[in-house]
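> Okay, here's the structure, questions in a sec.
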Amino acid sequence: MNWLLNINNFSYLDRLKIALFILNFKNRWTQDTQVKKFEKSMASFIGSKYAVFTSSGSTANTLLAQYVKDSSKSFQQKNIIVLPSTTWQTSCSPWVREGFHPHFIDISLENFAMDKAKLLEYVKNNHKKIACIFPTSLIGFSQDINFYKMLEKKYKVRVMLDNCENTLGDFDGQNLSSHFTSSTSTYFGHQIQSIEGGFIFTNCEKEYEYFLMNRNHGMTRSLKVYGIDNTKYKNKNVDSLFDFYSLGNNFRNTDLNAFIGLLDLNRINFYKEKRNELYKFYYDNLDQSKFYLPCSRHLEHDIPFCLPIIAKYNNKELFEKALEYCKVNGIEYRPIISGFLGYQTCYKKYFNKNNDYSNSIYLHKYGFYVGLHSSLKKEQILNLTKGLNSL
């Protein structure tokens, strides 16, 4: 079947446009006008006031962690970061590297988000020590945004969102990333491609200025490039060309990546409709007495990142047969992201053995995924579901 996790979205005509962009001596390849154009277009699509293009979704997450720490007035007392126990590695590591104390909440099998009852109980008892809650739209399934807004309002805790696998999903008629300061990824394997890349979306001017500076070494002149008055950040004792306000990094992206991303963004509505259509077809044809899929009530709004294959009832034999079926038929697959993070070498010490992580462990033991992209055919999905259903 030669079924890949994802395909290169770019046509021969796209490649010709990219070649002409490279050949034009007037075009810069490093961060310049194309980055600004891509940021403006993505902010418009998402429905956020500001967008910041970064070198990856991981560096976008790093900037979020840096901001929460740098803007805190009581970091020693309020330094817990709340994370799902199944997520991507670099959804967690930036926070731990910045000195936050991670607390992991088991996921729900309803939508792979943090279990709401467990999260609510933890927030009730610990909200005065929580710096941020950082949910993940795991493999493209949307969060209950109203629940997180309630937590913010009632318990005065900050919520940000890792939406790297769900750039296209929405909630209450708005793109998911527009509800909180959030990150997404435009890496080759994700829903919009700029080869490598990521975004931060925010509606807060203060955050926006911080992200622009910290993306570019912490330099104050990063703001002038965007027409923002940087007077309040200036240091009169140093040259304005190298005036470092904060401990930033080089997390910039390039005009070349932005140009490529803009080409792909032109097809965004097609990707959204096609992925949703193909996932619904998969949902309707997979035998859900054997395989688990998230709740159907969100299907209109979820734009899944992949097609999950999760054996029900602790059926190890069925799981292994499903894996073998994909191997034999040339279907590329992956475990569900990092699986249960408590099994990963670098995270073992952060997990409380007395806590219940049964759903994350279940996904780790009985789940994997195959690719979902706009070039897939319904016939391929039908053959896959017939094969799985017959196991």
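The values are calculated or read from the model by the stated rules, or taken from the named source; none is laboratory data. Owing to the predicted nature of the structure, the values given are computational and were not obtained by experimental measurement. Ideal geometry is used to build each Cβ from the backbone, glycine not excepted, and the neighbour counts take in all protein chains shown.
> May I ask you to verify whether D239 is over 30 Å from A43 (Cβ atoms) and out of contact with any helix residue (DSSP H, G or I) (no Cβ under 9 Å at 6 or more places or on another chain)? Steps first, please.
Numbers: over 30 Å from A43 (Cβ atoms): yes; out of contact with any helix residue (DSSP H, G or I) (no Cβ under 9 Å at 6 or more places or on another chain): yes.
Against the criterion (over 30 Å from A43 (Cβ atoms) and out of contact with any helix residue (DSSP H, G or I) (no Cβ under 9 Å at 6 or more places or on another chain)), D239 qualifies.
> Here is a follow-up. Within the range 123-146, identify whether any single residue is more than 30 Å from L263 (Cβ to Cβ) and of a type in the set (G, A, S), and answer yes or no.
Yes: one or more hits.
> When residues of the range 46-86 are filtered for being polar (S, T, N, Q), part of a helix (DSSP H, G or I) and under 14 Å from the mean Cα position of the chain (by Cα), how many remain?
Of the residues in that region, 4 qualify.
> When you scan the range 152-175, do you find a residue that is assigned to a helix (DSSP H, G or I), crowded, with 20+ Cβ neighbours inside 10 Å and in the same structural domain as V82 (by TED's automatic domain parsing), even just one? If you could, list the steps in order and put the result at the bottom.
If we filter the range 152-175 for residues that are assigned to a helix (DSSP H, G or I), which is where we start, we get 152-155.
Within this subset, residues satisfying the condition of being crowded, with 20+ Cβ neighbours inside 10 Å are none.
No: the range 152-175 contains no residue that is assigned to a helix (DSSP H, G or I), crowded, with 20+ Cβ neighbours inside 10 Å and in the same structural domain as V82 (by TED's automatic domain parsing).
> Then there is this: Do we have any residue at all in the range 295-306 that's surrounded by 16 or more Cβ atoms within 10 Å (Cβ to Cβ) and hydroxyl-bearing (S, T, Y)?
Checked against the condition, which is being surrounded by 16 or more Cβ atoms within 10 Å (Cβ to Cβ) and hydroxyl-bearing (S, T, Y), the range 295-306 yields no hits at all.
> Quick check: anything in the range 358-372 in contact (Cβ under 8 Å) with a residue 24 or more places away in the chain, surrounded by 20 or more Cβ atoms within 10 Å (Cβ to Cβ), part of a loop (DSSP other than H, G, I, E, B) and out of contact with any Ser or Thr (no Cβ under 7 Å at 6 or more places or on another chain)?
Within the range 358-372, one or more residues are in contact (Cβ under 8 Å) with a residue 24 or more places away in the chain, surrounded by 20 or more Cβ atoms within 10 Å (Cβ to Cβ), part of a loop (DSSP other than H, G, I, E, B) and out of contact with any Ser or Thr (no Cβ under 7 Å at 6 or more places or on another chain).
> Quick check on this structure: which one of L151, L168 is out of contact with any Ser or Thr (no Cβ under 8 Å at 6 or more places or on another chain) and in contact (Cβ under 8 Å) with a residue 40 or more places away in the chain?
L168
> Let me ask something else. Kindly provide the set of residues from the range 267-280 that are surrounded by 16 or more Cβ atoms within 10 Å (Cβ to Cβ) and aromatic (F, W, Y), ordered by number.
Y271, Y279, listed by residue number.
> Might you let me know whether the range 13-25 holds any residue that is within 22 Å of the chain's Cα centre (by Cα) and either touching a residue at least 24 places away in the same chain (Cβ under 8 Å) or on the phi > 0 side of the Ramachandran plot (or both)?
So far as the range 13-25 goes, no, none of its residues is within 22 Å of the chain's Cα centre (by Cα) and either touching a residue at least 24 places away in the same chain (Cβ under 8 Å) or on the phi > 0 side of the Ramachandran plot (or both).
> I'd like to check something: does the range 319-337 contain any residue that is modelled with pLDDT under 95 and among the polar types (S, T, N, Q)?
no
> Name the one entry in I337, I361 that is among the β-branched types (V, I, T), closer than 20 Å to Y282 by Cβ and in the same structural domain as D287 (by TED's automatic domain parsing).
Going through I337, I361 in turn, the sole match is I337.
> Sort through L109, L120 and tell me the only one that's surrounded by fewer than 22 Cβ atoms within 10 Å (Cβ to Cβ), aliphatic (A, V, I, L, M) and modelled with pLDDT under 95. Walk me through it before giving the result.
Working: L120 fails: modelled with pLDDT under 95.
After applying the criteria, what remains is L109.
> Which one of these is touching a helix residue (DSSP H, G or I) at 6+ places or on another chain (Cβ under 7 Å) and farther than 30 Å from N250 by Cα: I81, I133, I107?
Testing whether each residue is touching a helix residue (DSSP H, G or I) at 6+ places or on another chain (Cβ under 7 Å) and farther than 30 Å from N250 by Cα leaves just I107.
> Here is a check on your reading of the model: is N79 surrounded by fewer than 22 Cβ atoms within 10 Å (Cβ to Cβ), in contact (Cβ under 8 Å) with a residue 24 or more places away in the chain and touching a Gly at 6+ places or on another chain (Cβ under 8 Å)?
So N79 fits the description; yes.
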